[in-house]
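FYI, it's all coordinate maths here, none of it is from the lab. This structure is a prediction, so every number in the text was calculated from the model and none was measured. Virtual Cβ from ideal backbone geometry, glycine too; neighbours counted across all protein chains shown.
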Amino acid sequence: MERIVNLAEKLSELSVTHYNNPYVMFEWPEQIDPDAWYFTPEYISIYGTSEFEQLDDAGKKRLSLLEAVNFFSLNIHGEKALMRGLTKRLYHNRPKEVSDYLHHFVGEENKHMSLFGKFCTRYLGKVYPSRAYEIPNELDEAEEDFLFFVKVVIFEELVDFYNLQMSNDERLHPLAKGINQYHHDDEVRHISFGRTITRNLFNQLKPEWSEEKQVQVQAYILAYIESTWKEYYNPYVYKDMQMKNPYALYECAWAMDGARVHREKAGRKCYKYLLDMGALIKEPQV
């Protein structure tokens, strides 16, 4: 617990000293630039399909805007759930220093949601609805606490892979590039906290778990990883691009060998952490 307290104090200090105001730091053009990229082309969900290759340059760039809106939308929905979980855990059997940092955590996530929402509604007129499904479980409070922070780590590690890549992609419009950089800068702290508290909780709970309970927990984690990844492949995007059979395209894009390779690459760091900790005994096959 001492390690978590020390880390929480350090992260709170960093949240103050590295504070940036997203409401004033970005320039928002009145209209979208149709000649710009907004999402790294190679990370577009249908990259490598015949449908993608048949698009002209303008179509691919339009699709990149919609993929950016989907990415920001899934962040909004993920962070809404995250904020509910964090506020539930404020001042709940944890040291004051941890709750102090959770306030920073919640505040930063709220600013992220506002930023993402402004981009989505300003340039597409909507936020895509969540497509995540609820994973049933029969867990006690301590196990639920552990799995909440596991989900925080998984969600934010996968998002941060994209943030980091796109913040360094010089092809992207400066606004898209800047939003990804801003989000990455905060997520580094969130991931550090999530990893530390997750490992602490796991080390407390693991000795008490039966083999059946371990299997149950691992199944839940694997199901959450798959559910999270599937939100990156959105048939509503393909429908808005007026592509034929958007749900068939979703299934095709998900099943492509290239997409599997991409998901393995993007999730590698997160999966290694879960495997090293012992929360998983095999790498996810998604």
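For the options 268, 84, 131, a Gaussian network treatment of the chain with springs between C-alpha atoms closer than 10 Å singles out 84 as fluctuating the most. For the peptides 26-38, 60-72, the ranking by mean Cβ contacts within 10 Å, running from highest to lowest, is 60-72, 26-38. Each of the peptides 280-286, 106-112, 210-216 was scored by the mean count of other Cβ atoms within 10 Å over its residues; in descending order, highest first, they stand as 106-112, 280-286, 210-216.
Neighbours of residue 235 by Cβ distance under 13 Å: Lys/Arg scored +1, Asp/Glu scored -1, total -1. Taking Lys and Arg as +1 and Asp and Glu as -1, the other residues whose beta-carbon sits under 14 Å from that of residue 252 total -1.
Rounded to the nearest 10 degrees, the inclination of helix 57-88 to the longest alpha-carbon principal axis of the chain is 20 degrees. Extension gain, residue 140 to residue 219: 0.36 nm times the residue separation minus the Cα-Cα distance gives 26.8 nm. Give me log10 I(q)/I(0) at q = 0.18, 0.22, 0.24, 0.25 Å⁻¹ for the stretch 95-168, Debye formula, one equal scatterer per alpha-carbon, no solvent. Log-scaled intensity ratios, in q order: -1.08, -1.28, -1.29, -1.29.
Extension gain for the segment residue 268 to residue 53, taken as residue separation times 0.36 nm less the Cα-Cα distance, is 74.6 nm to one decimal. Evaluated at q = 0.09, 0.17 Å⁻¹, the base-10 log of the normalised Debye intensity for the chain, with identical point scatterers placed on the Cα atoms, takes the values -0.45, -1.45.
Helix 246-255 against the longest principal axis of the chain: what's the angle in degrees, Cα atoms only, rounded to the nearest 10? Around 60 degrees separate the two axes.
For the stretch 154-243, state the semi-axes of the equivalent ellipsoid (square roots of 5 times the eigenvalues of the alpha-carbon gyration tensor), sorted largest first and rounded to whole angstrom. Display every interim value, and only then the final one.
Numbers: eigenvalues 220, 86, 9 Å².
They are 33, 21, 7 Å, listed from largest to smallest.
Can you tell me the FRET efficiency between residue 126 and residue 257 if r is taken as the Cβ-Cβ distance and R0 is 25 Å, rounded to the nearest 0.05? Efficiency computed from Cβ-Cβ geometry: 0.15.
Normalising the average separation of contacting C-alpha pairs (under 8 angstrom, six or more residues apart) by the number of residues puts the relative contact order of the stretch 20-69 at 45 percent. Sort the stretch 44-123 into rounded, prolate or oblate with this rule: let a ≥ b ≥ c be the square roots of the eigenvalues of the Cα gyration tensor; rounded if a/c is under 1.5, and if a/c is not under 1.5, prolate when a/b is larger than b/c, oblate otherwise. Prolate. Principal-axis analysis of the Cα atoms of the chain puts helix 257-277 at an angle of about 20° to the longest axis. For the stretch 195-286, the alpha carbon convex hull comes to 109 Å³ per residue, rounded to a whole number. By the scheme Lys and Arg +1, Asp and Glu -1, what is the net charge of all other residues having a beta-carbon under 14 Å from that of residue 100? Summing Lys/Arg as +1 and Asp/Glu as -1 gives +1.
Computed from the C-beta positions of residue 5 and residue 170, the FRET efficiency with R₀ = 35 Å rounds to 0.30. Dipole magnitude for the chain: about 160 debye, using +1 per Lys or Arg Cβ and -1 per Asp or Glu Cβ, origin at the Cα centre.
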